[in-house]
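Colleague: A single structure is presented below for examination.
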Amino acid sequence: MWRSCLRLRGRGHCLLNRPGPQSPARAYAPPTERKRFYQNVSITQGEGGFEINLDHRKLKTPQAKLFTVPSEALAIAVATEWDSQQDTIKFYTMHLTTLCNTSLDNPTQRNKDQLIRAAVKFLDTDTLCYRVEEPETLVELQKNEWDPIIEWAEKRYGMEIGSSTSIMGPNIPAKTREVLISHLASYNMWALQGIEFVVAQLKSMVLTLGLIDLHLTVEQAVLLSRLEEEYQIQKWGNIEWAHDYELQELRARTAAGTLFVHLCSESTTVKHKLLQE
């Protein structure tokens, strides 16, 4: 039996938790830490969107652009990241801020079509599509946990994905790519940056679709993305403190990316702008 089990989707199959450190290739690598230099954090609405104020200073991007976000809800979420910092600003914990900086500065100068095609390409190496032939217990675990997610995605989006034990992975039909390209085209540039970030964390476009579509929770998606690793840990053991740290980090990054996608698509506003009197 698995120890310290968590049940997924109420189907009775259990997994342990283990993420792996993943960094999106195209996101900014923020500085590590800096002494906090501000007291109050607030947001204001400007001509280009919502701005973050650190005392009386306007927040800027790494390329010195005015930090402006498209929705008030996203501005409040980013401001909360800054407001929650203690004596030291830990930039590596501020995933929403980093995603906004990437969206604003676009350091790789990619357009929407390039972002979409880069995201779709992840399907070629999707974790859920690669299966083992042995041992039988892992074969069954992959089948029980991953097959229902693939089946959901195929039905939800009207496409064929499949799985394979070949090192080359399954042959993804051209029609499937067309369906995904069409679906992702409905998102704006900012949301696409968030989607790519989440896919890089989970190493799975299928899990990302389930997460963004609210079919999976962050915890479930993280567990499913680390299924084979958890099996090996259960067999050979692990370093507990490292496991716990990596788990929290992956959950935090995945949650931030998912929230970013939804907030970038948010058109409503909220009343309170000032976070701290």
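Colleague: Select from the range 49-95 the residues that are open to solvent by less than 10 Å² (accessible area, probe 1.4 Å) and either of a type in the set (Lys, Arg) or assigned to a helix (DSSP H, G or I) (or both) and write down the one among them that is farthest from Met189 (Cα to Cα).
Modeller: Residue satisfying both the conditions and the ranking: Ala79.
Colleague: Given the criteria of a type outside the set (Val, Ile, Thr) and open to solvent by less than 20 Å² (accessible area, probe 1.4 Å), does Leu104 qualify?
Modeller: no
Colleague: I'm trying to understand the selection: among the residues of the range 77-98, which are touching a residue at least 60 places away in the same chain (Cβ under 8 Å) and more than 15 Å from Gly46 (Cβ to Cβ)? Lay out the reasoning, then the answer.
Modeller: Quick first cut of the range 77-98, residues touching a residue at least 60 places away in the same chain (Cβ under 8 Å) only: 77, 79-80, 83, 91-98.
Across the range 77-98, the qualifying residues are Ala77, Thr80, Asp83, Phe91, Tyr92, Thr93, Met94, His95, Leu96, Thr97, Thr98.
Colleague: Looking at Ala118, Ala153, which one is within 30 Å of Glu51 (Cβ to Cβ) and not hydroxyl-bearing (Ser, Thr, Tyr)? Break it down stepwise before answering.
Modeller: Numbers: Ala153 fails: within 30 Å of Glu51 (Cβ to Cβ).
Just one listed residue meets the conditions, Ala118.
Colleague: May I ask you to list the residues in the range 68-89 that are of a type outside the set (Asp, Glu), within 24 Å of the chain's Cα centre (by Cα) and more than 19 Å from His262 (Cα to Cα)?
Modeller: Trp82, Ser84, Gln85, Ile89, listed by residue number.
Colleague: Please indicate, with yes or no, whether at least one residue in the range 184-196 is more than 25 Å from Ala252 (Cα to Cα), open to solvent by 50 Å² or more (accessible area, probe 1.4 Å) and not hydrophobic (A, V, I, L, M, F, W, C).
Modeller: yes
The values are calculated or read from the model by the stated rules, or taken from the named source; none is laboratory data. Note that the coordinates shown come from a computational prediction; the quantities given were computed from them, not determined experimentally. A quick note on method: Cβ atoms are made from the backbone with ideal geometry, for glycine too, and the neighbour counts reach across all protein chains shown. SASA here: full protein model, heavy atoms, side chains in, ligands and nucleic acids out. Shrake-Rupley method; radii C 1.70, N 1.55, O 1.52, S 1.80 Å.
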